[in-house]
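I have placed the structure first, in the form of C-alpha cells, so that the comments after it can refer back to it.
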Amino acid sequence: MRWAKRHATLIWVVLLVLVLLVCQASSAAPFKVVHIGDSHVAGRTFPDAAGATLRQLAGADVSYRHLGKNGATIDYFLDSRVAGRVAAMAPDLLVVSVGTNESYGRFDPQVYVGKLERFVAMYRGCCREILLTTLPGNYKHGRLNPLNSVVADTQLWYAKSRGIPVWDVYHAVGPAYWRANGMMDRLGVHFTGRGYAMQGRMLGQAIARRWLL
C-alpha cells in the first residue's frame, strides 16, 4: 500500500515536470515575423534594421525573415507559388510593403482594393496577423509623384475599413523629408543605406509597441 502511494506520487511528479517543460518550450518559441515587399525589402537593409530593432527593444526571441522582389506590386504576391513560400515560413506576423511600383503606372483605387481583398483572403490563413505599410513615397521626373498620396490613402482606407493594422510611413515622414536629408538616391525612387536603416528602426519600434511590449 505504501509502495503504491509512493509510486503514484512519483508519477505525478514526472507529469508535473513534463508539463513544465512543455510550457517552457512554448514560451521560448520565437515570435516569427515575415516581411514581404518590393525592392525596398529585397535590398535587405530595411528588413534587417527592423529585425535588429525589434530584438533589441523586445528583449525576446524574434525571428525576422524577408521575401522581396525588385519591381513587385501586390500582383506578384497573388501568385499561389509565392503564397506557398510565405506560408511555409509560418509567420505570426506578416508585414506587407508594396505600393511604390503601383505609383508608377496606371492606378485605379477600386481595382487595387479588390487586389488587396484577394491578398488578405489568400494569406490570412497562414499567419496570426497582417500589418500593411504604406509606400514611403517617391519622385517622378524630379517632382513629387502625384500618385503617392492616392496609393497611400487607398492603402490606409482599406486597412482601416477592414480592421487591419497599418504603419503609415508616408504621412508620418514623406518623401520630401528623405530627400532633404540626403536619404534618397538621385532619382528619388530608392533610399540610401541610412534611409533604409532609419525606416527599419521606425518599423521595428512600431511592431514592438503593438505586439511585444
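Put simply, the convex hull of the Cα atoms in the chain casts, on average, a shadow of 14.7 nm².
Residues whose amide H comes within less than 5 Å of that of Ile130, counting only those at least five positions distant or on another chain, are Leu94 (H built at 1.01 Å from N in the peptide plane). Within the range 85-213, DSSP assigns beta bridges of which about 30% are antiparallel (rounded to the nearest 5).
Other residues within the sphere of radius under 13 Å centred on the Cβ of Gly71, judged by their own Cβ, net out at -2 (K and R +1, D and E -1).
Multiplying the residue separation of Leu212 and His141 by 0.36 nm and removing their Cα-Cα distance gives an extension gain of 21.4 nm. Lysine pairs in the chain whose alpha-carbon atoms fall under 22 angstrom of each other, counting only those eight or more residues apart or on distinct chains, come to 4. Mean-square fluctuations from a GNM of the chain, with a 10 angstrom spring cutoff on Cα atoms, peak among Gly37, Gly105, Gly71 at Gly105. For the chain, set up a Gaussian network in which alpha carbons nearer than 10 Å are linked by springs, and say which option among Ala180, Ala159, Ala60 fluctuates the most. Answer for the Gaussian network model of the chain: Ala180. Residue ranges 193-199, 181-187, 50-56 sort as 50-56, 193-199, 181-187 when ordered by packing (mean number of other C-beta atoms within 10 Å per residue, highest first). Taking only the Cα atoms of the range 152-192, the ratio Rg/Rh comes out at 1.12, with Rh defined as the Kirkwood radius.
Using equal-weight Cα scatterers in the Debye expression, the normalised intensity of the range 87-213 in log10 at q = 0.11, 0.18, 0.20, 0.21 Å⁻¹ is -0.40, -1.03, -1.20, -1.28. Placing unit charges on the Cβ atoms of the charged side chains and taking the dipole of the range 30-212 about its Cα centre, the candidate lying farthest along the positive direction among Thr192, Gly163, Gly105 is Thr192. In whole angstrom, the range 115-189 maps to an equivalent ellipsoid with semi-axes of 28, 12, 11, each derived as √(5λ) from the alpha carbon gyration tensor and ordered largest first.
Taking amide H as placed 1.01 Å from N in the peptide plane, the amide H of His190 sits under 5 Å from that of Asp185, each at least 5 places away or on another chain.
Any read-out appearing in this document is the output of simple, stated calculations on the displayed coordinates, not a laboratory observation. Model, not experiment: these values are computed from the prediction. Cβ sites come from the backbone with ideal geometry, for glycine too, and all protein chains shown count toward neighbours.
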